[in-house]
Structure formats: C-alpha cells, structure tokens
Amino acid sequence: MDSKKNTAADVREYIAGFPKEVQSLLQTIRSTIKNAAPNAVESISYKMPAYKYFGVLVYFAGYKNHIGFYPGSSGIAEFKKELSVYKGAKGSVQFPLDKPIPVSLVRKIIKFRVNQNIEKEKGKNKK
C-alpha cells in the first residue's frame, strides 16, 4: 500500500494496511514518537499519521521503498549532519525499508520539536 491511497480512520488502521515487514517499521516509528512525546495527540492528517503538541510535531508515512518522516524544515535543519546519509528534502527524510529505523535519531528529533513547540507557545502567552 502507498500512503497516497490510504483512507484509514486512525493510525492503527493505517499501519494495518501495509505488508507485515513494513508494519513493523511503521510501528517502531509510532512507538518512538509516543515515547518521546507522550502528551502528543495522534491523528490522521493529509492521509498519514500526524502528531500534535502545541502545534504539529511530525508526520510519517509508508511508501513502496521507504518511510517518509516529516519533522518540518527546522527538524531537518537541526539534525542535518545525522540525516545526511538519507534521502530527503527541506522538511522530510526517507528511511529505506531495507535498513533499521534510526530510533535514537528519531527520538532526538521528536524531543527537539516538542521543545520548539513549547517555546513557541510560551512566546504566544507573553503577548
């Protein structure tokens, strides 16, 4: 299955729509996000899993040859060096299906994004 065709109502259903080996990788990303940001709200947005905490944290999606991870441009820029071994763009990175998910790096990115969103929220509350 490809993320673009997915019509899942929730993340569990989304992951279940992929082959077993891909489900395992998607579940690894999901549990890493949930552990690193336990207060984040999980939903489906833009037909892919989304996590919000004081605004959007990250999205992820399954594709034919990779898992797309979308921490936004700031999340990519902050970890540019570590992410340089992966294909990516300004706000995304591709984790190949034939390699393990870099869990500690994903965890660091999530925690960075949580802190970033908290700081942004604090700024709003000062006004």
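In order along segment 64-81, the Karplus-derived 3J(HN,Hα) couplings, from 6.51 cos²θ - 1.76 cosθ + 1.60 at θ = phi - 60°, round to 4, 10, 7, 10, x, 10, 10, x, x, 5, 5, x, 6, 4, 5, 10, 3, 4 Hz, and Gly and Pro are given as x.
Ranked by the mean number of other Cβ atoms within 10 Å of their residues, highest first, the peptides 117-126, 7-16 fall in the order 7-16, 117-126.
Place a point 7 Å from the Cα of ASN125 along the Cα-to-Cβ direction; which residues of segment 19-54 have their backbone N under 15 Å from it? 53-54, by backbone N distance to the label point. Cut-off under 18 Å on the C-alpha distance; same-chain residues fewer than 8 positions from LYS108 excluded. Which aspartates and glutamates are left, in chain and number order? Here the aspartates and glutamates satisfying the reach criterion relative to LYS108 are GLU78, GLU82, GLU119. Couplings 3J(HN,Hα) of segment 48-61, computed from phi: 8, x, 10, 10, 10, 7, 6, x, 5, 9, 8, 10, 8, 7 Hz, in residue order, whole Hz [Karplus 6.51 cos²θ - 1.76 cosθ + 1.60, θ = phi - 60°; x for Gly and Pro]. In this structure, the pairs whose alpha-carbon distance is over 31 Å, taken from LYS87/LYS124; LYS47/LYS126; LYS99/LYS122; LYS87/LYS111; LYS20/LYS47; LYS64/LYS124, are LYS87/LYS124; LYS47/LYS126; LYS99/LYS122; LYS64/LYS124. A cut-off of 5 Å between modelled amide H atoms, ignoring neighbours fewer than 5 places along the same chain, links LEU57 with TYR51, LYS52.
The chain gives an Rg/Rh value of 0.97, both radii derived from C-alpha positions and Rh following Kirkwood. Backbone phi angles across segment 14-29, fed through the Karplus curve with coefficients 6.51, -1.76 and 1.60 (θ = phi - 60°), yield HN-Hα couplings of 4, 5, 5, x, 10, x, 3, 5, 6, 3, 4, 5, 5, 5, 4, 5 Hz in residue order; Gly and Pro are listed as x.
Since every read-out is calculated from the coordinates, none of them should be taken as a lab result. Note that this is a predicted model, so its numbers are computed, not measured. Using ideal geometry, Cβ is built from the backbone for each residue, glycine included, and neighbour counts are taken over all protein chains shown.
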